[in-house]
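Each reported figure results from applying straightforward, stated rules to the coordinates on display, with no laboratory input. Just so it is clear, the model here is predicted, and its values are computed rather than measured. Backbone-built Cβ (ideal geometry, glycine too); neighbour counts: all protein chains shown.
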Amino acid sequence: MRRRLLPLLLAAAAVAFPGGAAAAWALHGSGSGAAKAKTLGSGNAPSGSVSGHKVIVTWTASSYTNGGTAAGYIINRYNATTGVVQTIGSACTGTIAALTCTENGVPAGSWQYTVTPATANWRGPESVKSAVVVV
Amino acid sequence: MVTIRLSRKLFVVLAAVAALIVSGSLLAAWNTTGSGNGFAKAGTASALTIGDASASTSADLYPGATGAVKLKVTNSNSFPVRITSVTKQVGGTITSDKGAACNASTGVTFTDQTGLALDVAAGATSTFTLSGAVSMSNASDNTCQGAIFTIPVDVTGASN
């Protein structure tokens with residue numbers, strides 16, 4: 001009798017409680033976590049160095065909030081008299097990873113440059129204009 | 001004589017098991033699921049509540065970077081809980097507080113977190129930092145700068 005019933009009892013317990021006697025409460029919950037993005041800081045006003053019709057533009061890095069620097073920079077040249085943005089020479093077009101670029105074939109005139117931080121689709125505020133560069 | 005004594009023992013054992021089953025105190029310990037708010041009741045466990053953790057975020061995401069997710073968990077049960085996994089809700093969408101343009105292309109991806117050991121005391125609320133749990137791609141829209149992202153998740157844990 002004992003040998004028959006004990007295995008049966010153990011088997012029944014195993015079926016009833018497959019997790020074992022030490023099993024814990026299984027708990028779940030649903031909701032939302034949160035994450036936050038940085039902000040790209042403003043560009044720093046560049047300086048221009050003239051050599052004939054070539055202008056070497058240099059600037060310093062721009063930072064994100066909480067650190068890190070922009071991946072690149074967009075350079076603009078403005079007519080210093082009218083304030084109209086110009087088509088910039090090829091060496092300074094697009095997003096420039098370096099902190100300098102050289103614009104070749106700059107027409108005679110008075111110009112100002114600006115720097116806009118850029119990382120992928122993100123843009124920081126454009127810098128104030130540089131001092132007037134006379135070519 | 002021997003046969004009668006064994007039967008009594010078995011009767012006591014069987015009666016004890018049956019009593020535990022009927023009371024629910026043993027069966028209930030194996031399976032309880034749910035979401036949202038609940039309330040404590042003898043023989044049951046309340047679901048974990050996930051609160052708004054946006055106030056504790058620290059700006060660390062930008063295109064090409066990984067960042068942390070903040071998770072605020074309330075355990076209203078009378079026993080401590082250990083959270084072992086946090087996964088993105090199936091079909092859930094990550095949104096921002098910056099509106100449609102950012103929401104259309106947040107660039108933010110959540111990586112399911114497993115093998116965790118995040119402990120919440122009985123009746124307590126804890127805020128956790130899941131470092132490196134999110135990443136931002138170059139697809140992130142310009143309007144996403146400074147955004148707080150809401151990431152729908154499911155958490156799984158067990159009494160601890």
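Give the relative contact order (percent, whole number) for region B:47-159; include only Cα pairs under 8 Å separated by 6+ residues. Write out the running numbers ahead of the final one.
Details: 257 pairs, mean separation 46.1, N = 113.
Relative contact order of region B:47-159: 41 percent.
Would you mind checking the pairs A:Lys36/B:Lys70; A:Lys36/B:Lys98; A:Lys38/B:Lys70; B:Lys72/B:Lys98; A:Lys38/B:Lys72 and listing those with alpha carbons more than 18 angstrom apart? Kindly include the intermediate steps, with their values, before the conclusion.
On the way: A:Lys36/B:Lys70 9 Å; A:Lys36/B:Lys98 11 Å; A:Lys38/B:Lys70 15 Å; B:Lys72/B:Lys98 22 Å; A:Lys38/B:Lys72 21 Å.
With Cα atoms farther than 18 Å apart: B:Lys72/B:Lys98; A:Lys38/B:Lys72.
Say each of A:Ser51 and A:Thr81 gets a label point 7 Å from the Cα, pointing the same way as Cα to Cβ; how far apart are those two points in nm?
That separation, rounded to one decimal, is 2.8 nm.
What is the spin-label model distance, in nm, from B:Ala121 to B:Asn138 if the labels are put 7 Å beyond Cα along the C-beta direction?
4.8 nm
Any idea what % of Cα-Cα pairs in region B:47-159 are farther than 18 Å? If you can, show how the numbers build up before the last one.
Working: 3139 of 6328 pairs.
Roughly 50 percent, once rounded to a whole number.
Taking a quarter of the surface of the convex hull around the Cα atoms of region A:47-134, what do you get in nm²? Write down the numbers at each step before the final one.
Working: hull surface 21.9 nm².
Seen from a random direction, the Cα hull of region A:47-134 projects 5.5 nm² on average.
As a footprinting exposure proxy, order A:Ile96, B:Ile50 by other Cβ within 10 Å, with the fewest listed first. Show your work: numbers first, answer last.
Values: A:Ile96 18, B:Ile50 22.
With the sparsest Cβ surroundings first, the list reads A:Ile96, B:Ile50.
Hey, fewest Cβ within 10 Å first, where do A:Tyr78, A:Tyr64, A:Tyr113, A:Tyr73 land in order?
Numbers: A:Tyr78 19, A:Tyr64 23, A:Tyr113 26, A:Tyr73 29.
The order, fewest Cβ neighbours first, is A:Tyr78, A:Tyr64, A:Tyr113, A:Tyr73.
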